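Below is one structure, written out as structure tokens; the observations come after it.
All of the numbers you see were taken from the coordinates with simple rules; none came from a lab. Please read all numbers here as calculations on a predicted model, not as lab measurements. Methodologically, a virtual Cβ is constructed for each residue, glycine included, from the backbone with ideal geometry; neighbour enumeration extends over all protein chains shown.
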Amino acid sequence: MLTLPTGEGDFVAWAPSGDDPIAPEHGGFTSRVAYAAAHVIADPFLDPPTEGLPPIDWDATLLLRRHLWDLGFGVAEAMDTAQRGAGVEWETARELITRTAATASGPAVYGALTDQLASGGRFTLEQITDAYHEQVAFIEEHGGTAIVMASRHLASAAKSPEDYIRVYRDVIAEASRPVLIHWLGEAFDPALAGYWGSSDVEVAADIVLDVIADDQGKVSGLKLSVLDAGLEVRLRRRLPQGVAMFTGDDLDYVDLIQGDAEGHSDALLGILGPIAPVAATALQALDAGDIPRYRSLLEPTLALSRQLFSAPTFHYKTGVVFLAYVSGLQDHFRMVSGAEGARSLPHLARLLILADQARLIPDPELAVHRMRLILELGGVS
């Protein structure tokens, strides 16, 4: 039994439901492609250096990726879920990509950005393009597929949609294999407001489609993370044949992955790590055509995901690491750059309750013990 803060100045008594956790059958799933954007696990016993790599527990970080591969997921590496741009920059991402590529036991895709350029600096479009080229080439040298992520430097430097088109065309043309394009909305990163040169998402969608159409065969997918399910469906229906839509909508993924008579979205999601056993089981039900079971399994995770990604959305990574800690996937609740403090105790308490309701707590006794430690550290006796 725990006493959890409600966020309204009072407390509520809570105990785990006792329901058995969901566990998928062996063999993975086939009807959808699903990449889990995996987080990094900090090493709490090392001081962060003044320069160089932040302290990462590489063994634990790679073990987490093997857990996802074993459940049938691909891994989306060096993305924003891995604190890219929030404590993890290109030097660390290089090491992360190298280690993951060397030990991969399943599919993986890798984020390419421009973060070797100084944060907050002003750069020319040519310098930004060269930075993208360097990262895409590094990923391809390690046998990987690049996700061309939205760049803060480009958002700052671009003066028009044509500037975005110019950079993306050059980056895509130079790549030696098809890439994915990632459109990340400002809810995840406020610095990306007006990306593609327009604050009107319908206009921005047209620009994205122009980029893809100009390089048919060199773009294999679009990851859309703007938290607008209607836009995703409309854009999905307009994609050229052979270009997959990967939903990055952590609020409406159940409907988007299921799809409709005109198609469906595959998945590349930050929520897939925290809900991996249930999501894998639901996707196996989808393989069997059992839509009611798919929905009955996955719909309870929506409340958890909406809490996890509640405003300010860019702090969602704190909840991802918290859920990994109480679920026994890592041994501590510490993050790169001290980001474990970005969410309140009531927020974490709601995550624990919702994870239990979604049957995502494999060891309730361990979860209660670890949550009690967090509460005591926060002054709850």
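Restricting to helices (runs of 4 or more DSSP H) lying wholly in the range 236-299: which have 1 or more residues that are touching a strand residue (DSSP E or B) at 6+ places or on another chain (Cβ under 9 Å), on the phi < 0 side of the Ramachandran plot and not aliphatic (A, V, I, L, M)? So that I can check it myself, show each step before the final result.
On the way: elements: 253-258, 276-287, 291-298.
Result: 253-258.
Let me spell it out: the conditions are (1) crowded, with 19+ Cβ neighbours inside 10 Å; (2) at negative phi; (3) over 14 Å from the mean Cα position of the chain (by Cα), and residue 72 meets all of them except one. Which number is the exception?
(2)
Can you run down the residue pairs with Cβ atoms below 6 Å, 6 or more apart or on separate chains, where the first is in the range 194-207 and free of Cβ contacts under 8 Å to residues at least 60 places away in the same chain and the partner is part of a helix (DSSP H, G or I) and β-branched (Val, Ile, Thr)?
196/207
Within the range 5-20, can one find any residue that is hydrophobic (A, V, I, L, M, F, W, C) and under 30 Å from residue 257 (Cβ atoms)? First the steps, then the outcome.
Taking the range 5-20 first, the residues hydrophobic (A, V, I, L, M, F, W, C) are 11-15.
Cutting the leftovers down to under 30 Å from residue 257 (Cβ atoms) gives us none.
So far as the range 5-20 goes, no, none of its residues is hydrophobic (A, V, I, L, M, F, W, C) and under 30 Å from residue 257 (Cβ atoms).
Determine, yes or no, whether residue 309 is crowded, with 20+ Cβ neighbours inside 10 Å, within 15 Å of residue 42 (Cα to Cα) and either aromatic (Phe, Trp, Tyr) or touching a strand residue (DSSP E or B) at 6+ places or on another chain (Cβ under 8 Å) (or both). Steps first, please.
Working: crowded, with 20+ Cβ neighbours inside 10 Å: yes; within 15 Å of residue 42 (Cα to Cα): no; either aromatic (Phe, Trp, Tyr) or touching a strand residue (DSSP E or B) at 6+ places or on another chain (Cβ under 8 Å) (or both): yes.
Taking the combined requirement at face value, the residue does not satisfy it.
Is the range 285-305 home to any residue that is over 25 Å from residue 344 (Cβ atoms), buried (at least 20 other Cβ atoms within 10 Å of the Cβ) and of a type in the set (Ser, Thr, Tyr)?
So in the range 285-305, the residues over 25 Å from residue 344 (Cβ atoms) come out as 285-299.
Going one step further and asking which of them are buried (at least 20 other Cβ atoms within 10 Å of the Cβ), we end up with 285-286, 294, 297-298.
From what is left, the residues that are of a type in the set (Ser, Thr, Tyr) are 294.
Checked the range 285-305: at least one residue is over 25 Å from residue 344 (Cβ atoms), buried (at least 20 other Cβ atoms within 10 Å of the Cβ) and of a type in the set (Ser, Thr, Tyr).
Give the range 83-122 a look and list any residue that's under 25 Å from residue 72 (Cβ atoms), of a type outside the set (Gly, Ala, Ser) and more than 17 Å from the chain's Cα centre (by Cα), or say none.
98, 99, 103
Restricting attention to the range 181-221, report how many residues are within 19 Å of residue 84 (Cα to Cα) and touching a Leu at 6+ places or on another chain (Cβ under 7 Å).
The initial filter retains those residues of the range 181-221 that are within 19 Å of residue 84 (Cα to Cα), namely 181-193, 195.
Now narrow it down to the ones that are touching a Leu at 6+ places or on another chain (Cβ under 7 Å): 181, 183-187, 192.
Selection size over the range 181-221: 7.
Scan the range 222-238 and report the pairs whose first residue is hydroxyl-bearing (Ser, Thr, Tyr) and whose second residue is in a strand (DSSP E or B), with Cβ atoms within less than 6 Å and a gap of 6+ or a chain change.
225/184
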